[in-house]
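So the structure is just underneath, and the comments pick up after that.
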Amino acid sequence: MNIRKRANTKLRPEVNRIIFVRNLPFKTTSEELFEIFGRYGPIRQIRKGVAGKTKGTAFVVYEDIYDAKNAVDHLSGFNVGGKYLTCLYYKHKTQPKAGGI
């Protein structure tokens, strides 16, 4: 997407550079993740879950928010090793406001 188109594109508020990926086959390597997600733009970091509840998940951090959006749009439901990926935008936890309920 060129710069001019990006300037005119309004993104939904939940869109950000960090993607949470679920339903990965346990044997998926980091190199395979870079290959799959790298098609959509430069990646800053991938953190793969390795223990307990985090197995089968990963965080993918893109350099550019538009690349992350493109990846979510194209890879949600993508078949990897017989499993269909779930790609969601990472939601930052908000801290409760001081002073009450």
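Nothing in this text is a laboratory measurement; each read-out follows from the coordinates by a stated rule. A quick note: this is a predicted structure, and the numbers were derived from the prediction, not measured. Note: ideal-geometry Cβ built from the backbone for every residue, glycine included; neighbour counts use all protein chains shown.
Data table
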read-out: Residues with amide H under 5 Å from that of F78, placed H, sequence gap 5 or more; value: L85
read-out: Residues T29, T54, T86, sorted so that the one with the fewest Cβ neighbours within 10 Å comes first; value: T29, T54, T86
read-out: Likely footprinting exposure, Y40, Y90, fewest C-beta neighbours within 10 Å first; value: Y90, Y40
read-out: Overall dimensions of the stretch 12-89 by Cα: Rg and Dmax, Å; value: 11.4, 33
read-out: Around V21: net Lys/Arg minus Asp/Glu count, Cβ-Cβ under 13 Å; value: +4
